[in-house]
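Reading through the structure tokens given below for one structure.
The values are calculated or read from the model by the stated rules, or taken from the named source; none is laboratory data. Bear in mind that the values here come from a model prediction, so they are computed numbers and not experimental data. Every residue, glycine as well, gets a Cβ built from its backbone with ideal geometry; the counts of neighbours run over all protein chains shown.
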Amino acid sequence: MTRKKRDNLVSGGIILFSVFVLAWVIPNFTPPYPGYGVSSALLPNVVFGLILALSLLSLTTNIISDFRNKSAVNNKNQAEKNDVPVVNRVHLWHLMSIMIPCLLLFPAMRLVGFVPAALVFLILMQYFCGQRKPLILLIVSTCTVGIMYLAMRYGLGVPMP
Amino acid sequence: MFDLIIAGFMDSLTIANLLFVLLGVTLGMIAGAVPGVNGPMAIALCVPLSYYMSPMTAIGFLVGLNKGAFYGGAISGVLLNTPGTPEAAATSWDGYPLSKQGKGEKALRMALYGSVSGDFFATWVLILVAAPLAAVALYMGPPEIFALICLAMTIIAGIGSSSMTRGLIAAALGIFIGTIGMEPVSALPRLTFGLYQLERGIALIPIGIGMLAFSEIIIQLERSRANGAGEATLEFSKKPEDRFVSFAEFRRSIKTIFRSSIAGTIVGAMPGLGAPVASFFAYDRAKKASKNPENYGKGELDGIVASESANSAVCASALIPLFTLGIPGNVASALLIGAFVIHGMIPGPLMFEQNARFIYSIYSSLIMANIFLLVVGRLGLRASCKAVSAPKTILYPIIIFTCLMGSYLGAYNTFDVILMLFFAFLAYFMNKWGFSHICFIIGFILSPIWETALQQVIIVSQLDTFMFFKRPVAVILMIITFYIVIKTTINTFKKTAK
């Protein structure tokens, strides 16, 4: 995917999202005008109006330039392909491998307790980060969880999750 | 007035406060030295801890952290050619060649002296300039504040991101997120989607930690997986002339330090420009002014001090717009606003009237942090060199766990953890698609001030339609804003059409 194609897709997505927010989210989730001052929907409407206008501008600029320089664009495309930051399946898997354990950590803490859940979490995280030595996995997890537990429970007096 | 200054300084010179400033400087230095970890990330992680400190200690600690991280960034830049912070990139151009010659320690010492000198200069400018500027700022009404925020956002969006359109979209999204919660006029929940947890609004902590720390770690991990981790070997010469900076060498660099400190202070006082711009600009100036420009990039001590004194000057001078106008100059100042708000203070010109003593105690903490930086930097030089080679496989999981616990600490609420993960997710894709998360955070921080100013302008203009045009400062600021937007749009259109 070239940078322009990606930008067009992103701008298109933002335009659709802005229309959805302006047409449905803001009218349904902002309180009615109280009869004094300014409507509470004003700022969200202004902000998403601006986002919509800027995305349309960005998309229009790209489309016009594509239309004008169709042949030149084709030559440029190959060169641009390499410098576009990609989000492919590998990246998504990598993202999920970190996000999912993080999302599950707090429910797990409620279920089995802070220490065991945090220990398993840290071992998993270290494994995903490339650590393969079992002794280091154990030492780092135990020390981190121990320090965090002591600091939160006895140092700051925080109610544990 | 003089009594107030003395009282403010004395307030900050307590053992507890000094210890926390020292701790902040040390932690900041370590954080800055570790590639992939930076000052804003360290501040974002430590803001929740500031709940448990007194306001003075908390701000002193965070200010120390910021200062330490600015210098810390140079350590990995000089020793590994991997700048810990973007502003340290110019430092590594001359620092790394010196390091390869075994003079890494000397390069780090010079960077330290440059950093401390630049910071010292900018701190005094802040002290001398902030109060008079704040007095002028007090005459600004809602139209001027509204126009000033529009201008600041435009500058930040234009300079802080790859394209102004994307910067403005990110800032607008940040403002939108800032509108979630209680509506200030009607005091009714707005955009809460029926979730009672959103009624109090979204706090800065989940956004700061998610966008600055968590997403950054995910991206760093992705990069290190793609590139593979390389082990660096550090060698230090034992000769005194390769280890220490002589007085003559320092004296030769004084001119560069002074020039770069001025450049850094001016750049830092302008919202959005930031430390990287200051350090590259100062480096370029120093090279052009040098008698031996060919030595730059090969291990020139002047190149190191130019970059370091400029970027460290930004650290203090970025507080000028924060204290005088309530507008953050960079992301670290934006996070400091969050810390001020946590402790019941709103940065801006009124602070000099309402919390003058507190401001003077912050000045004192800034000076103390600078002294501590010199001491810690000198004593902990070898120890901080070790931090640069901290293994990522150990460091990153610990940071991820700290991010999760830090966002929980803000309100003892797992909902904030989910929010933090959501914003990390958002920042990840914003980064991939070229949207600046810095603009998003600054938009979020400025959202309540902007909304209040906008509402006041509209309410008053219902009584006087031409009210805005009767305020020349506001009109000039808006004209500059429109000029920047239109000029950038035309330039972008021309560039894309080519």
Practice prompt. Please list, ordered by first then second residue, the pairs with beta carbon atoms under 8 Å, 6 or more apart or interchain, first in the range A:135-161 and loosely packed, with under 13 Cβ neighbours inside 10 Å, second not in a helix (DSSP H, G or I).
Written response: A:P159/B:Y412
Response to the item:
Of the listed residues (B:L204, B:L195), the one being over 17 Å from A:V25 (Cα atoms) and out of contact with any Ser or Thr (no Cβ under 7 Å at 6 or more places or on another chain) is B:L204
Worksheet item: Within the range A:4-34, can you find the residues that are over 30 Å from A:R68 (Cβ atoms) and not hydrophobic (A, V, I, L, M, F, W, C)?
Response: A:P27, A:N28, A:T30, A:P31, A:P32, A:Y33, A:P34
Item to complete: Test each condition in (1) surrounded by fewer than 18 Cβ atoms within 10 Å (Cβ to Cβ); (2) touching a residue at least 60 places away in the same chain (Cβ under 8 Å); (3) within 11 Å of chain A (Cβ to nearest Cβ) for B:K494 and report the one that comes out false.
Response: (2)
Discussion item. For the range B:81-99, check the following and say yes or no: at least one residue is closer than 20 Å to B:E300 by Cα, in contact with a Gly (Cβ under 6 Å, 6 or more places away or on another chain) and surrounded by fewer than 22 Cβ atoms within 10 Å (Cβ to Cβ).
Written reply: yes
Practice prompt. Please go through the range B:422-444 and pick out each residue that is assigned to a helix (DSSP H, G or I) and either of a type in the set (F, W, Y) or within 7 Å of another protein chain (Cβ to nearest Cβ) (or both).
Written response: B:F422, B:F423, B:F425, B:Y428, B:F429, B:K432, B:F440, B:F444
Discussion item. Scan the range B:36-43 and tell me whether some residue there is under 25 Å from B:G299 (Cα atoms), crowded, with 24+ Cβ neighbours inside 10 Å and at pLDDT below 85.
Written reply: yes
Fill in: Selection within the range B:132-186 - assigned to a loop (DSSP other than H, G, I, E, B) and aliphatic (A, V, I, L, M)
B:L138, B:M140, B:I180, B:V185
Fill in: Complete set of residues in the range B:455-490 that are at pLDDT below 80 and within 14 Å of chain A (Cβ to nearest Cβ)
B:Q462, B:L463, B:T489
Discussion item. Please go through the range A:1-53 and give me each residue that is in contact with an Asp or Glu (Cβ under 8 Å, 6 or more places away or on another chain), in a loop (DSSP other than H, G, I, E, B) and either modelled with pLDDT of 90 or more or at the interface with chain B (Cβ under 8 Å from one of its Cβ atoms) (or both), ordered by number.
Written reply: A:T30, A:P31, A:S40
Discussion item. Could you list, ordered by first residue, the pairs with Cβ atoms under 6 Å in which the first is in the range B:274-293 and farther than 12 Å from B:S261 by Cβ and the second is of a type in the set (K, R), at least 6 apart or interchain?
Written reply: B:P293/B:K287
Item to complete: Return a yes/no flag: does the range A:73-83 have any residue that is modelled with pLDDT under 90, in a loop (DSSP other than H, G, I, E, B) and under 30 Å from B:R223 (Cα atoms).
Response: yes
Worksheet item: Any residue at all in the range B:167-186 that is touching a Gly at 6+ places or on another chain (Cβ under 7 Å) and among the polar types (S, T, N, Q)?
Response: no
Item to complete: Quick one: which helices (runs of 4 or more DSSP H) lie wholly within the range B:320-399 and hold at least 2 residues that are of a type outside the set (A, V, I, L, M) and surrounded by 22 or more Cβ atoms within 10 Å (Cβ to Cβ)?
Response: B:331-342, B:356-379
Discussion item. Can you tell me which residue is farthest from A:G130 (Cα to Cα) among those in the range B:403-421 that are more than 7 Å from chain A (Cβ to nearest Cβ) and surrounded by fewer than 20 Cβ atoms within 10 Å (Cβ to Cβ)?
Written reply: B:A411
Worksheet item: In the range B:253-278, which residues are at pLDDT below 85 and under 19 Å from B:Y296 (Cα atoms)?
Response: B:P276, B:V277, B:A278
Practice prompt. Name every residue in the range A:90-124 that is part of a helix (DSSP H, G or I), surrounded by fewer than 19 Cβ atoms within 10 Å (Cβ to Cβ) and of a type in the set (G, A, S), in order of residue number.
Written response: A:S97, A:A108
Item to complete: Kindly indicate which of B:I362, B:I399, B:I367, B:I371 is out of contact with any helix residue (DSSP H, G or I) (no Cβ under 7 Å at 6 or more places or on another chain) and modelled with pLDDT of 85 or more.
Response: B:I371
Discussion item. Restricting to the range B:8-56, name every residue that is over 22 Å from B:Y363 (Cβ atoms) and among the β-branched types (V, I, T).
Written reply: B:I30, B:V34, B:V37
